[in-house]
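The values are calculated or read from the model by the stated rules, or taken from the named source; none is laboratory data. As the structure is a prediction and not an experimental result, all values here were calculated from the model. Counting neighbours? That spans all protein chains shown, and the Cβs are built from the backbone with ideal geometry, glycine included. Protein only, heavy atoms only, side chains kept; ligands, DNA and RNA dropped before computing areas. Shrake-Rupley method; radii C 1.70, N 1.55, O 1.52, S 1.80 Å.
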Amino acid sequence: MLSPILYAIDNFDVSKGTTVKFYYTGEQVFASRLTIKDNETLKTVYQEKVVSMQLYHPVAAEFTSEKMVNGKTYVATLTVFDKNDNESPVSNSVLFTCYSTPIFKFSNVNDGDIISDASYPFKLSYSQKENIALSQYIVTLYDYGHNQVWSSGAIYNDASLSVTIGGLTDNANYYVRATGNTAANIEVDTGYIGFSVNIVNPNTFLVLSLENVADESSVKVTTNIVIVEGRSEGNISYIDNAAVDMRNGGKVIFDDGFSLKKNTFTIGGIWRNIEDYSTFLEISNGVDSIKLTWNKGNFGDGEVYYAELTANTKINSSFTLTYIIQSNHITLASTDSCVLIAIQKIDGLFNLNIKDLGEVAFT
Amino acid sequence: MMFFGSGILGYSHSADPTLVNINNSNSVTLENSVCDEIYTSLDIENYNSTTKPEWSSNTIFYAKFHGNLFAGNVEYTLSTLSALRVKRRPMGSYKWITLHELTGIKKVEDVRIEFKDITPLMQEYEYALVPVINNVEGEYTIESIKPDFRGVFIVGQDKIFHTVLNINSCGEILPQRNFASATATPLDSKYPYVFYNGINNYDSGTLAATYAPFDKENCEWDFENACKYRNELKDMLTDGRPKIIKYDDGCGWLVAVVNNSITENANGSKYNVVTSFDWTEIGNLESSNDLYFSGFANCNVEGS
């Protein structure tokens with residue numbers, strides 16, 4: 001009989017077993033016997049005869065986990081048997097090492113997650129008990145039908161283990177999967193991780209405007225971006241990432257990127273804990289100003305709160321015209337009540353209204 | 001009202017405050033309080049707690065203090081904005097291509113893009129505005145549109161010609177698909193072998209139609225000036241630059257005019273002249289490389 005040829009054996013985890021493939025050009029194979037020895041001691045750790053006409057030999061995990069140890073190198077040989085149970089000469093020897101299965105997974109996305117961006121950095125984590133390094137990996141994006149829509153290509157020697165996938169479509173479902181190879185040629189796979197995309201888009205109005213131009217078969221693209229950022233002076237803090245606290249001497253100033261050019265405008269806001277008798281809002285053009293102060297008083301029906309608007313217009317270097325109006329009077333349900341304040345300027349006149357909203361949560 | 005025997009404040013508005021004229025305010029300061037939000041508009045609006053304000057063209061700023069002091073309709077600052085990109089993809093496609101990139105943004109007035117995308121076919125598209133913040137693409141603001149037009153358009157980099165008249169006689173553009181193959185007939189086989197050489201795979205065809213300027217005011221074709229119009233068309237077709245042919249059935253091609261001639265046939269009337277030329281497809285309208293090198297995009301970000 002001829003000798004079978006044993007193919008290379010991929011390194012595997014003893015807790016999972018493996019399947020050893022071989023090649024044989026003689027008569028039909030009816031059984032195969034695989035012998036695995038410890039490469040250091042040459043002590044046989046596995047020897048089983050499997051009756052099968054297939055050219056592979058399954059090694060069950062129950063044998064390998066009992067007799068073999070991850071981190072050790074072994075040598076395998078194989079013989080085959082014909083229909084008369086004649087055993088062939090021994091095959092070539094094949095060396096392999098057993099390693100623990102690496103842990104390879106996405107660290108910032110789980111199955112069923114909702115992603116709120118069109119572009120998302122998918123981060124991976126990798127660990128292996130015997131410190132075998134990850135040599136390469138590929139991240140692949142699939143649509144809902146598991147059709148591939150994007151692939152990162154093979155990424156080598158990347159310590160960051162992060163791939164940003166852009167162009168995700170709002171309200172679409174995707175699967176992402178990472179596969180790779182370790183330095184010991186162990187395949188790693190995260191499996192399909194399903195996620196959906198719900199892009200949180202606060203900029204829906206006019207930020208990007210599209211217009212069909214039928215007589216040119218074109219689309220007019222217009223952006224309307226308003227960039228205004230306030231700055232702070234002194235000590236300010238945020239409450240629940242929903243409100244700004246300026247009670248410790250801090251200020252928030254918006255003085256770049258806008259101008260109230262028209263003679264009519266509305267300014268409204270929601271405040272709470274306004275310090276009594278203090279100026280809490282000032283609007284200015286550098287010369288003239290509009291100031292709002294918060295007041296309380298008793299006009300015969302108990303203590304009430306009100307805002308007072310003072311508009312100063314500089315007529316010349318020695319004369320300033322002052323315009324003062326007061327808001328309606330309100331009582332506050334509690335010291336933490338929210339107050340809605342609305343100013344309307346219509347040409348040279350102002351409306352000033354305030355309203356107690358009670359203790360509502362910041363939004 | 002009488003006061004010490006004299007009449008004062010005699011009219012209903014006599015005691016009203018004096019009007020003040022404060023314009024062009026450009027600074028708003030908040031202090032001595034906790035503020036949930038502040039909203040400013042050039043409209044006279046009924047600002048109330050039950051209806052949250054929406055951005056409009058008259059909104060000046062709207063600060064919500066969600067852990068930051070942004071008060072515009074985007075959450076990035078001028079100092080970090082490296083560029084703005086407008087991207088496009090057919091609805092359902094995954095691949096974006098950048099059509100327009102705005103760089104060199106120094107001041108607020110620079111942050112505006114206005115251009116016409118002359119390349120879309122009659123199918124639904126998504127467009128995205130993408131800020132490039134510190135050289136990294138940020139959040140996509142996506143809108144969709146389906147261009148709607150009638151007839152055939154021949155689009156050059158700076159001129160567009162349009163017609164609905166006598167299009168290929170049959171009213172349809174029917175291209176030919178070309179690919180490279182060779183057939184070998186061996187002596188010992190009943191059937192030949194077919195070889196596919198290369199990856200050539202492109203359309204070509206003929207476009208014949210009647211062209212004349214269209215008077216939009218009176219909604220009629222100006223055949224009196226058709227000759228001049230056709231000459232302008234022929235000048236554009238022979239300028240050696242890529243063109244886009246698109247038709248209202250949703251088809252379109254990035255093409256070059258080929259075969260050395262553009263012919264005209266009068267068809268029995270000077271008002272019924274059909275101009276005919278051959279074209280061949282030279283690129284993909286969804287390729288950023290092809291659009292850029294054909295002069296239909298001002299950048300080539302994707303290189304695909």
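Which trypsin sites (Lys or Arg not before Pro) does region B:174-267 hold that lie in a coil by DSSP with at most 11 other beta carbons within 10 Å? The partial results should precede the final answer.
On the way: sites: B:Arg177, B:Lys190, B:Lys216, B:Lys228, B:Arg230, B:Lys234, B:Lys243, B:Lys246; in loops: B:Lys190, B:Lys216.
Of the trypsin sites (Lys or Arg not before Pro), the ones in loops of region B:174-267 whose Cβ has at most 11 other Cβ atoms within 10 Å are B:Lys190, B:Lys216.
At a threshold of 8 angstrom on Cα-Cα distance, excluding pairs fewer than six apart, so keeping six or more, what relative contact order does chain A reach in percent?
This gives 10 percent for chain A.
Using the Cα gyration tensor of region B:182-304, with a ≥ b ≥ c the square roots of its eigenvalues, what is the shape: rounded (a/c below 1.5), prolate (a/b larger than b/c) or oblate (neither)?
oblate
When you look at the Cβ of every residue in B:110-116, what mean number of other chain Cβ atoms sits within 10 Å?
5
B:Lys216: which aspartates and glutamates have alpha carbons under 13 Å from its alpha carbon, excluding same-chain residues fewer than 8 sequence positions away?
A:Asp215, A:Glu216
About the Cα centre, and with charges only on the beta carbon of Lys, Arg (+1) and Asp, Glu (-1), how big is the dipole of chain A? Nearest 20 debye, please.
Roughly 520 debye for chain A.
Which of these, B:Asn32, B:Asn135, B:Asn272, has the largest mean-square fluctuation under a Gaussian network model of chain B (Cα springs below 10 Å)?
Result for chain B, Cα springs under 10 Å: B:Asn32 fluctuates most.
Multiply the residue separation of B:Asp235 and B:Ala184 by 0.36 nm, subtract the distance between their alpha-carbon atoms, and state the gained length in nm to one decimal.
Working: separation 51, 0.36 × 51 = 18.36 nm, distance 4.42 nm.
Contour length minus Cα-Cα distance gives 13.9 nm.
Using only the Cα atoms of the protein assembly as shown, build the gyration tensor, take square roots of its eigenvalues as a ≥ b ≥ c, and label the shape rounded, prolate or oblate: rounded if a/c is under 1.5, else prolate if a/b is larger than b/c, else oblate.
Oblate, since a/c reaches 1.5 and b/c is not below a/b.
Which entries in B:Lys64/B:Lys146; A:Lys291/B:Lys106; A:Lys43/A:Lys129; A:Lys261/A:Lys296 show an alpha-carbon gap greater than 31 Å?
Values: B:Lys64/B:Lys146 34 Å; A:Lys291/B:Lys106 33 Å; A:Lys43/A:Lys129 25 Å; A:Lys261/A:Lys296 33 Å.
Cα-Cα > 31 Å for B:Lys64/B:Lys146; A:Lys291/B:Lys106; A:Lys261/A:Lys296; rest within.
Please list the non-local residues whose amide H lies under 5 Å from the amide H of B:Ile133, H modeled 1.01 Å from N, same-chain partners needing a gap of 5 or more.
HN-HN under 5 Å from B:Ile133: B:Ser82, B:Gly138.
Please tell me the relative contact order of region A:1-160 in percent, rounded to the nearest whole number, where contacts are Cα pairs under 8 Å and at least six residues apart. Please report the intermediate quantities before stating the final value.
Details: 327 pairs, mean separation 35.2, N = 160.
Over region A:1-160, the number comes to 22 percent.
Note down the nm distance, to one decimal, between modelled labels 7 Å out along Cα→Cβ at A:Val51 and at B:Arg112.
Taking the two extended label points, one gets 8.7 nm.
Near the amide H of A:Tyr238, under 5 Å away, which other amide H atoms are found, from residues 5 or more places off or on another chain, if H is placed in the peptide plane?
Under 5 Å from the amide H of A:Tyr238: A:Asp245.
Reachable aspartates and glutamates from B:Lys107, Cα under 17 Å, same-chain residues fewer than 8 places away excluded?
Output for B:Lys107: A:Glu229, A:Asp255, A:Asp256, B:Glu75.
Residue by residue through region B:78-86, what is 3J(HN,Hα) from phi via Karplus (6.51 cos²θ - 1.76 cosθ + 1.60, θ = phi - 60°)? Round to whole Hz and write x for glycine and proline.
4, 5, 9, 7, 7, 6, 10, 10, 10
Using each residue's phi in region B:39-47, evaluate 6.51 cos²θ - 1.76 cosθ + 1.60 at θ = phi - 60° and report the 3J(HN,Hα) Karplus result to the nearest Hz, with x for Gly and Pro.
Once θ is set to phi - 60°, the couplings for region B:39-47 become 10, 9, 9, 7, 8, 8, 10, 8, 5 Hz.
Return the single residue from B:Ala182, B:Ala256, B:Ala83 with maximal mean-square fluctuation; model: Gaussian network over chain B, springs between Cα atoms under 10 Å.
Highest fluctuation among the options: B:Ala182.
Over chain B, what is the mean sequence separation of C-alpha contacts under 8 Å (at least six apart), divided by residue count, expressed as relative contact order in percent?
The value is 14 percent.
Quick one: 3J(HN,Hα) in Hz for region B:226-231, Karplus 6.51/-1.76/1.60 with θ = phi - 60°, rounded, Gly and Pro as x.
With coefficients 6.51, -1.76 and 1.60, one gets 5, 4, 4, 4, 5, 5 Hz.
Using Cα springs under 10 Å in a Gaussian network model of chain B, which residue among B:Val74, B:Val194, B:Val132 shows the largest mean-square fluctuation?
It is B:Val194.
Calculate, for B:Thr263 and B:Phe293, the FRET efficiency according to 1/(1 + (r/R0)^6) with r their C-beta to C-beta distance and R0 30 Å; round to the nearest 0.05.
0.55
At a 1.4 Å probe, what is the % contribution of carbon and sulfur to the accessible area of region A:1-122?
With neighbouring chains kept in place, the figure for region A:1-122 is 48 percent.
Can you quote the Å³ per residue value for the convex hull of the Cα atoms in chain B, rounded to an integer?
Spelled out: Cα convex hull of chain B, divided by residues, is 291 Å³.
Express in whole angstrom the spacing between the alpha-carbon centres of region B:178-195 and region A:315-354.
90 Å
Could you list which residues have their amide H under 5 Å from that of B:Leu99, counting only those 5 or more apart in sequence or on another chain, with H placed in the peptide plane?
Residues meeting the amide H criterion: B:Val86, B:Lys87, B:Arg88.
For the pair A:Ser237 and B:Glu124, what calculated FRET efficiency results from E = 1/(1 + (r/R0)^6), where r is the Cβ-Cβ distance and R0 = 51 Å, to the nearest 0.05?
After rounding to 0.05, the efficiency reads 0.65.
Would you give the gap between the C-alpha center of region A:56-83 and the C-alpha center of region A:147-187, rounded to a whole Å?
Value for the Cα centre distance between the two parts: 33 Å.
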